[in-house]
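Q: The structure under discussion is supplied below as structure tokens; questions concerning it will follow.
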Amino acid sequence: MNLFAIIGEALRALRLNRLRTGLTMLGMIIGVAAVVLMLSIGQGAQTKINQSIASMGSNLFLVVPGATSSGGLSFGSGSIKTLTISDAQAIAELHSVSATGPVISGTAQLSFSAKNWSTVITGTTPNYFDVGNWEFESGTAFTESDLRSGARVVVLGAITAENLFGTVDPIGKTMRITNRPFLVVGVLTAKGQSLSGRDQDDNVFIPITTSERQITGNQFPGSIRYMLVQGQSAETMDEAENEIIQLLRQRHRISDGMENDFTVRNLTAIANVATGAAKIMSIVLGAIASVSLLVGGIGIMNIMLVSVTERTREIGIRMAIGANRRAILTQFLLEAMMICIMGGLIGVLLGIGGAWLVSEIADMLIVITSGMIGLAFFFASAVGIFFGFYPAQKAASLKPVDALRYE
Amino acid sequence: MYAPQQNNVTQTLIKLDKLCKSYHLDDANGKTMSTQVLFDVALNIQQGEFVAIMGHSGSGKSTLMNILGCLDTPTSGSYWLAERNVAALSNDELAYIRNRHIGFVFQGFNLLKRMTALDNVATPLLYAGINRSNSRQRALEQLQRTGLEKFAMHHPNQLSGGQQQRVAISRALINQPSLLLADEPTGNLDSQTSREIMTLFEQLNQQQGLTIVLVTHEEDIAAYAKRLIRLKDGVVVYDENHNVMNKPSPTQ
């Protein structure tokens, strides 16, 4: 019997039982829609995290002054001022390191004409902008000579610039930081939240020397709060970490057996953890959605088994007039698969619609890929074949004489 | 139409030898009960014969019919259909034989309820691999021959019993079988319609040389056949040719 004829027979059987077909299909629709929706939410979260990581800069170390203890009393990381600007300069000389960005920071009041705004002042070096993967909306970074002379120049974060200047172009304007005049030389492009959820765009950057002498002050001159170190490449991160540790131990005269008075953290590793977490979330969401697909599949098997029992006599008649086992098997398998494929199609559309709704209502980033749709569709068909096979097999293995006699 | 048997030399179409059939049933205690239904049945049927098999219920006539129709397989013994040993064939080969060589007519008509008369008649052609439009065309021609073309698009429940049985006969004949098997074909029909159906069988046998095997428990129906076989408790107890023996005239 040719396949088209069997497809026709299967379609006829499905059409004759519209309500049952529809209800069975509903299980498939919900399952596929859930898979598409969950995968797109998971993929969205992953993309969001990847964007945050990319905005952070690549191959980064964070070096902070170490935890120390004195007389049995432990202080937290950064509690003593062991890292200095010259440490940062020395680390920058290492061949596995491309640049460093030492940072001291404090809070200060900013003002421009009638507006004023309080935010974090970051004192750093021009390299910091490269290391931290900052881009300039307008203007440029301050220069090495600004750094040497302790010039009063400032680079504004996007949010700060907007709050203080509004629609005025800040470049070339003079603003005040704790009442000292500063020339605005650059405005940064907005980055959004960091991985830790901090707003990275509400801050101002000035030369570290200027900051130390005039704004934040410094209890221990030359010391820094932390530094960002950019490794030469992703492959040499471990090597760079070792070299930084060796160099700092040497410079800080830490004898063997003594603990480091600093901590080196590989931010790439932290980013990898975050990416991994997002991946796991995607998998968990997908798995939960797959359960509904499974339940839908069991529903199909259920209905097909009932259908085979109900139509035993019909199967017997078909066998008596010449249907072989394969023809019967194909017909029932096709019925199950058609439910799945039609349900899958509707489910994919519903899933895309749902994802769009979620992105509109919850303002979440939703990513739908063709691979995702393909996967959902593939699984729907696989479920159809898997759960449709047993009832179809059962129908095909009936003995003609028994099936004909069935009341 | 099915090919008329042109050779005058009669050929053996059906040859049964020491055919036995027993059923195995598991009773409530898990013991297997064995019931033998047919005992060493030996039978030859020539091409072009019109045979009636008679017997009371439980005589094994339906079981014999199912085996003849390749719906069931014998427990032992051999069944040669057109010189092929059917007992040794696979399920798919049996399906092929049922499709091409055998036409069935049942007591309860056994039409597919959800299909039109036309599609019912066309279905065996679909299983023979013929496409839908050709199948429908041929089915329509077959219905015209039985005078049912007006009812082609009717569903079985819109037809009378006689009309349904004629649709079933059309379906049985569509693949030009060499053997027509009828299991109590008039059991659900009134006597007038029964006579019409039997006359149709008689015509098919006489005009086209179609081999017909009929199972019935009504003497007047059996009288249309040329040869009568009686079964009792699974054994052939009588096998005579009406033409040779004193043939009782068909009761009107």
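Each value in this text was obtained by applying a stated rule to the coordinates, not by laboratory testing. Remember, it's a predicted structure, so these values are computed and weren't measured experimentally. All Cβ positions, glycine included, derive from the backbone under ideal geometry; neighbour counts span all protein chains shown.
Q: To the nearest Å, what is the center-to-center distance of region A:170-214 and region A:358-392, using C-alpha atoms only?
A: Between the Cα centres of region A:170-214 and region A:358-392 lies a distance of 48 Å.
Q: Going by Cα centres, region B:138-199 and region B:96-124 are how many Å apart?
A: Spelled out, the Cα-based centre of one part sits 10 Å from the other.
Q: Compute the acute angle (0 to 90°) between the alpha-carbon long axis of helix A:18-56 and the principal axis of greatest extent of the alpha-carbon atoms of chain A; round to the nearest 10°.
A: 20
Q: Okay, moving on. Please compute the modelled spin-label separation between B:Phe39 and A:Ala274, points set 7 Å along Cα→Cβ, answer in nm with one decimal.
A: Here the answer is 9.1 nm between the modelled labels.
Q: Still on this structure, I have one more. Check chain A and count each lysine pair with an alpha-carbon distance under 25 angstrom, considering only pairs eight or more places apart or from different chains.
A: Details: A:Lys48/A:Lys191; A:Lys48/A:Lys279; A:Lys115/A:Lys173; A:Lys115/A:Lys191; A:Lys173/A:Lys191; A:Lys191/A:Lys279.
Summing the qualifying lysine pairs gives 6.
Q: Please list A:363-371, B:145-153 highest first by mean number of surrounding beta-carbon atoms within 10 Å per residue.
A: Result, highest mean Cβ count within 10 Å first: B:145-153, A:363-371.
Q: Could I ask something else about it? Percent relative contact order of region A:81-260, based on C-alpha pairs within less than 8 angstrom and at least six residues apart?
A: 33
Q: Assuming R0 = 60 Å, can you tell me the calculated FRET efficiency for the pair A:Arg405 and A:Val168, based on Cβ-Cβ distance, to the nearest 0.05?
A: 0.05
Q: Taking each residue in A:320-333, count the Cβ atoms of any other chain within 10 Å of its Cβ, then average. What number comes out?
A: Details: counts 15, 20, 18, 7, 10, 4, 3, 5, 1, 0, 0, 0, 0, 0.
Whole-number average of other-chain Cβ neighbours for A:320-333 is 6.
Q: Efficiency by 1/(1 + (r/R0)^6): what FRET value for A:Asp238 and A:Leu11, r their Cβ-Cβ distance, R0 = 56 Å, to the nearest 0.05? Show your work: numbers first, answer last.
A: Values: r = 62 Å, r/R0 = 1.11.
That gives a FRET efficiency of 0.35.
Q: Fully extended, how many nm does the chain gain between A:Ser145 and A:Ala190 (0.36 nm per residue separation, minus their Cα-Cα distance)?
A: Full extension of this stretch gives 13.6 nm more.
Q: How far apart, in nm, are two points set 7 Å out from the Cα along the Cα-to-Cβ line at B:Glu149 and at B:Glu83?
A: The modelled label-to-label distance comes out at 3.9 nm.
Q: Then there's this: Using mean Cβ contacts within 10 Å as the protection proxy, how do B:225-237, A:96-108, A:317-329 order, highest first?
A: So the order, starting with the most tightly packed, is A:317-329, A:96-108, B:225-237.
Q: While we're looking at this one, here's another question. Using a basic spin-label model with each label point 7 Å from the Cα along Cα→Cβ, how many nm lie between A:Arg253 and A:Leu62?
A: 3.1
Q: If I stretch the segment between A:Ile298 and A:Ser370 completely, what's the gain in nm (0.36 nm per residue apart, minus their alpha carbon distance), one decimal?
A: 23.3 nm
Q: For every other residue with a beta carbon closer than 10 angstrom to the beta carbon of A:Gly66, add +1 if it is Lys or Arg and -1 if Asp or Glu, then tell me the sum.
A: Net local charge, A:Gly66 excluded: -2.
Q: Taking B:Lys18 as the anchor, which aspartates and glutamates have their alpha carbon closer than 12 Å to its alpha carbon, excluding any fewer than eight residues away along the same chain?
A: B:Asp40
Q: If you don't mind, another one. Under the definition of partner shielding as Cβ atoms of other protein chains within 10 Å of a residue Cβ, what is the mean value for peptide A:393-406?
A: Neighbouring Cβ atoms belonging to other protein chains average 3 per residue here.
Q: In addition: Averaged over its residues, how many other protein chain Cβ atoms are within 10 Å of peptide A:14-20's Cβ atoms?
A: Mean number of neighbouring Cβ atoms from other chains: 1.
Q: Right, another one. Have a look at A:Ile283, A:Gly66, A:Val187 and report the one farthest towards the positive end of the charge dipole of the protein assembly as shown, computed about the Cα centre with Cβ charges (Lys/Arg +1, Asp/Glu -1).
A: A:Ile283
Q: Right, here's the next one. Please compute the net charge surrounding A:Arg405, taking Lys and Arg as +1 and Asp and Glu as -1 over other residues with Cβ under 12 Å from its Cβ.
A: Around A:Arg405, the charge tally is -2.
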